[in-house]
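Note sheet for the following structure.
The values are calculated or read from the model by the stated rules, or taken from the named source; none is laboratory data. In this text the structure is predicted, and so the values were computed from the model without any measurement. Neighbour counts run over all protein chains shown; Cβ positions are idealised from the backbone, glycine included.
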Amino acid sequence: MAGVEHVSIWMRPERPARGPKPAYSRAQITDAAIRIADAEGLEAATMRRIAAEIGAGAMSLYRYVPSRDDLIELMADRLMGEIDVAGLPSGDWRADLTHYAGEVRAMWLRHRWIATVQRSLAGLGPSQLLLIERVMGVLDPHLSIDENLGLMAILHGYVESAVREEISSAEEVRRSGLSEPEWMARSSPRIRQIVGSGEYPIFTKIVMEARHPRLSRDDQFRYGLERVLDCIAAALPEPRRRSRRR
């Protein structure tokens, strides 16, 4: 409704200052929602289903989590808390960002429904704020805040795009009922036709010579990440570019 100020879930006290102790907590509700979403997808994590999971009345949960947007915010922040940034910044920016990118990818692959979440505004929950402090702290001594933001956007853009594609491909294979080699083999007749035509030399070179499509998902991710880190290195002052490459 126009004119109504949004109040973040993080600005609302979890329990009233007076009265009896609440029967449930946001953490219980969030954990139940994540378990359901992991098993059956985000759409299955309704208030009614969560209530059944923890033994509560569906309407009673709205006293703890007023809206579905708030629920998704709590879930997303909980997942951000799984990203291990305890040792950041370590002084080796390249190792730090390599570790962080791998942690983000691993979290997404554990909770694949997160790829369906679209959030236009940052929720600024405690886990997200910790990530901002630790991860942006890696480059903060060497760059202006605007340069830091720009490079982090490039890093996050690569990681998110790569993992979304990985999740999407895996889901397509799953829906087909085929194994991954069987699913890939479906394209073989068309590929042979294109190569045999002699009309597409670049595509033929990809098929006949390129190593990248034959790499494992892990190696593809690492290869792309190294290129992104090379771009970040080029933006750093000269002494910092020589951070150990792994």
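Before moving on, here are some points about what is shown:
- The helices (runs of 4 or more DSSP H) located wholly in the stretch 119-217 that include 2 or more residues which are touching a residue at least 12 places away in the same chain (Cβ under 8 Å) occupy 126-139, 145-176, 188-197, 201-209.
- Residue that is surrounded by 14 or more Cβ atoms within 10 Å (Cβ to Cβ), more than 30 Å from P237 (Cα to Cα) and touching a helix residue (DSSP H, G or I) at 6+ places or on another chain (Cβ under 7 Å), where the choices are Y64, Y100: Y64
- Matching residues, the stretch 103-116, being without any contact (Cβ under 8 Å) to a residue 40 or more places away in the chain and in contact with a Lys or Arg (Cβ under 9 Å, 6 or more places away or on another chain): none
Conditions (1) surrounded by 13 or more Cβ atoms within 10 Å (Cβ to Cβ); (2) of a type in the set (A, V, I, L, M); (3) in contact with a strand residue (DSSP E or B) (Cβ under 9 Å, 6 or more places away or on another chain); (4) under 23 Å from A27 (Cα atoms), marked per residue:
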site: S127; (1), (2), (3), (4): yes, no, no, yes
site: M136; (1), (2), (3), (4): yes, yes, no, no
site: D146; (1), (2), (3), (4): no, no, no, no
site: M152; (1), (2), (3), (4): yes, yes, no, no
site: H156; (1), (2), (3), (4): yes, no, no, no
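- Test: residue in the stretch 27-40 that is farther than 20 Å from W108 by Cα, at pLDDT 85 or above and not aliphatic (A, V, I, L, M): yes
- Count of residues meeting criterion [more than 30 Å from A234 (Cα to Cα) and not charged (D, E, K, R)] in the stretch 67-97: 8
- Filter result (surrounded by fewer than 10 Cβ atoms within 10 Å (Cβ to Cβ) and among the charged types (D, E, K, R)) within the stretch 174-188: R175
- G91 vs. criteria in the same structural domain as T116 (by TED's automatic domain parsing) and assigned to a loop (DSSP other than H, G, I, E, B): yes
- Check on E199, under 30 Å from Q118 (Cα atoms) and in the same structural domain as R134 (by TED's automatic domain parsing): no
- Test: residue in the stretch 95-114 that is in the same structural domain as R217 (by TED's automatic domain parsing), touching a Pro at 6+ places or on another chain (Cβ under 9 Å) and not in a loop (DSSP other than H, G, I, E, B): yes
Per-residue answers, yes or no, for (1) modelled with pLDDT of 95 or more; (2) farther than 18 Å from A106 by Cβ; (3) basic (K, R); (4) outside the structural domain of I232 (by TED's automatic domain parsing):
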{"residue": "V138", "(1), (2), (3), (4)": "yes, yes, no, no"}
{"residue": "N148", "(1), (2), (3), (4)": "yes, yes, no, no"}
{"residue": "H156", "(1), (2), (3), (4)": "yes, no, no, no"}
{"residue": "V159", "(1), (2), (3), (4)": "yes, no, no, no"}
{"residue": "S187", "(1), (2), (3), (4)": "no, yes, no, no"}
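- Considering (1) assigned to a helix (DSSP H, G or I); (2) surrounded by 15 or more Cβ atoms within 10 Å (Cβ to Cβ); (3) without any contact (Cβ under 8 Å) to a residue 40 or more places away in the chain, the lone condition that A56 does not fulfil carries the number (1).
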